[in-house]
Amino acid sequence: MSFRNIAQIAGSAMTAQSVRLNTIASNLANADTAAASEAQAYHARKPVFAAVFEKADSAGRVAGARVQVLDVVQSAEPLRRVHDPDNPLANEEGVVFYPNVNPVAEMTDMMSASRAFETNVEVLSRVNSMQQSLLRMGDE
Amino acid sequence: MAIHFDKVLALNSHALQLRAERTKVLASNLANESTPGYQARDFDFAASLRQALGEEMLAGAPLSELGGAAPDLLYRVPNHRSQDGNTVELGVEQAAFAQNAADFQVALTFTQMKLRGLAKAIEG
């Protein structure tokens, strides 16, 4: 039986979704972090997921697919340029750079990530109860 | 008249094992719900069971594993296309997963009923 593999698959998805939640938290926390130049400004981060396929073996098992976080990339969207000469970080033109974080998009992404996490928790608990009842087979 | 346990329980054990394999496939789909380009997989339970039982009868393969060949994994046809090429639809997969878990319980219950019947035949 392949219940152990299912736990690994669901576990990998939970890890990937918590990386996603992590980047969202960091994006939202830094949504209003000002910087003096484009290079210093915070750029929104996003994880890149990829499927890792298991090898199908000869014992009649099918191949599952885990999730892997390939990389965390920085968004290439333009930064917000704000004219604010009173800001101590303003450059000689009086411009301050704010991150390219879109709080609305981050919030919806956060809901999607936490729902995906919960789905995998549900998978784990269902698989657990299936395994328990399989172990009790033969009892009255 | 002898009772051959492996013959009596062949259908039940294959059904349970295929249900467990299908759980893994559906769990993979749910795990890759947000992986770009991932294509949801599934297999035809009835055809796979027929195939496993057919091979069993021909080759007399051991019962603990399916008769050699894994079920043929097919691709799910999505109801809607998505921009990142991912064909996992959460509702569809959740429904299939729940149905499969319930069917697993059904197969388990049938196995238990059969075992109880055998025990009754032995005890008299």
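Values in this text are rule-based calculations from the coordinates and carry no lab data. Just so it is clear, the structure is predicted and the values come from calculations on it, not from any experiment. Every residue, glycine as well, gets a Cβ built from its backbone with ideal geometry; the counts of neighbours run over all protein chains shown.
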* **Pair-distance profile P(r), taking every C-alpha pair of the protein assembly as shown, with 5 angstrom steps and integer %** => 1, 6, 11, 13, 13, 12, 9, 7, 6, 5, 4, 3, 3, 2, 1, 1, 1, 0, 0, 0
* Asked: Order of B:K7, B:K114, B:K120, B:K24 from fewest to most other C-beta atoms within 10 Å?
  -> B:K120, B:K7, B:K114, B:K24
* To do: Select from A:M110, A:M14, A:M130 the residue whose mean-square fluctuation is largest in a Gaussian network model of chain A (Cα-Cα springs shorter than 10 Å).
  => A:M130
* Quick one: net charge around A:V96, please, counting Lys, Arg +1 and Asp, Glu -1 for every other residue with C-beta under 14 Å from its C-beta. => -4
* **Likely footprinting exposure, A:S2, B:S28, A:S125, fewest C-beta neighbours within 10 Å first** => A:S125, A:S2, B:S28
* Taking just the C-alpha trace of chain A, give me its Rg and Dmax in Å. => 22.3, 82
* What is the fewest-to-most order of A:S37, A:S133 by other Cβ atoms lying within 10 Å of their Cβ? -> A:S37, A:S133
* To do: Determine ³J(HN,Hα), in whole Hz, for all residues of the stretch A:80-95 in sequence, where each value follows from phi through the Karplus function 6.51 cos²θ - 1.76 cosθ + 1.60 and θ = phi - 60°; x replaces Gly and Pro.
  => 7, 9, 10, 7, 8, x, 6, 5, x, 8, 5, 7, 5, 8, x, 9
* Degrees between helix A:3-29 axis and first principal axis of chain A (Cα, 0 to 90, nearest 10) -> 10
* Within-14-Å neighbourhood charge of A:S12 [Cβ basis; K, R +1; D, E -1] -> +2
